[in-house]
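Inspection log for the structure reproduced underneath, given as structure tokens.
Just so it is clear, none of the values below were taken in a lab; they were calculated from the coordinates. A quick note: this is a predicted structure, and the numbers were derived from the prediction, not measured. All Cβ positions, even for glycine, are placed from backbone atoms using ideal geometry, and neighbour counts span all protein chains on display.
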Amino acid sequence: MSHLIAPSVLSADFANIQRDVEMINNSQADWFHVDIMDGMFVPNISFGFPVVKAIKKHAKKPLDVHLMIVDPDRYLQQFRDAGADVLTVHLEACPHLHRTLQAIKGLGMKAGVAINPHTSASLLTDIIADVDLVCVMSVNPGFGGQKFIDNTYQKISMLTEMIRVFKSDAFIEIDGGVDMNNYKKLLDTGANVLVAGNTVFSSPNPMDTIAALKKV
């Protein structure tokens with residue numbers, strides 16, 4: 001399977017959001033990565049349903065929505081209605097994770113689970129066969145442009161083995177600090193979805209950068 005690139009619209013120019021959405025539409029990117037932050041689970045606030053709906057209106061590719069919020073169960077239906085195709089919740093925010101994942105699937109979305117840098121991938125053993133995607137946070141969630149945490153490679157290796165053993169079809173998505181210096185090693189280790197925000201949107205030519213990230 002060819003790996004997927006999911007530019008993070010958190011790094012887009014919000015004064016020109018339609019322009020940046022169209023750029024992603026016309027690029028080799030596969031998904032839009034949309035970070036939702038509530039100022040409680042993470043120390044930042046991003047945006048809510050109206051912005052997701054606005055992106056969906058113009059997007060020609062799936063919306064990969066990452067909820068960095070407390071008690072995400074309250075809003076699963078609203079994010080589906082806003083246009084989420086993949087909906088990812090944090091293990092750390094879900095006391096009844098299996099039930100939450102089943103609810104996401106029941107709404108017709110692909111279900112993802114994210115883990116923070118301090119959270120061991122081993123905690124996903126009992127759930128790995130039930131998820132469509134594992135999002136490994138390779139920076140502390142909340143802000144773009146942070147330095148990549150090297151322990152991420154070990155987590156990818158562990159997840160790759162878990163997926164093999166439990167015959168899971170889950171994607172391994174890496175979110176944070178993905179750049180031109182580490183993306184090939186991430187893919188070689190077992191990742192197959194790369195979220196790229198600052199690397200894409202701070203580039204002189206974002207479409208060329210996305211094309212470069214698609215190359216193996």
Exercise for the section: For L76, indicate whether it is more than 15 Å from the chain's Cα centre (by Cα), buried (at least 19 other Cβ atoms within 10 Å of the Cβ) and either more than 28 Å from A191 (Cα to Cα) or not small (G, A, S) (or both). Expected result: yes
Practice task
Those residues that are crowded, with 20+ Cβ neighbours inside 10 Å, free of Cβ contacts under 8 Å to residues at least 60 places away in the same chain and among the β-branched types (V, I, T), I need them from the range 31-50; list them, please.
Solution key: V34, I36
Exercise for the section: Taking H58 as meeting all but one of (1) within 18 Å of the chain's Cα centre (by Cα); (2) in contact (Cβ under 8 Å) with a residue 40 or more places away in the chain, write down the number of the exception. Expected result: (1)
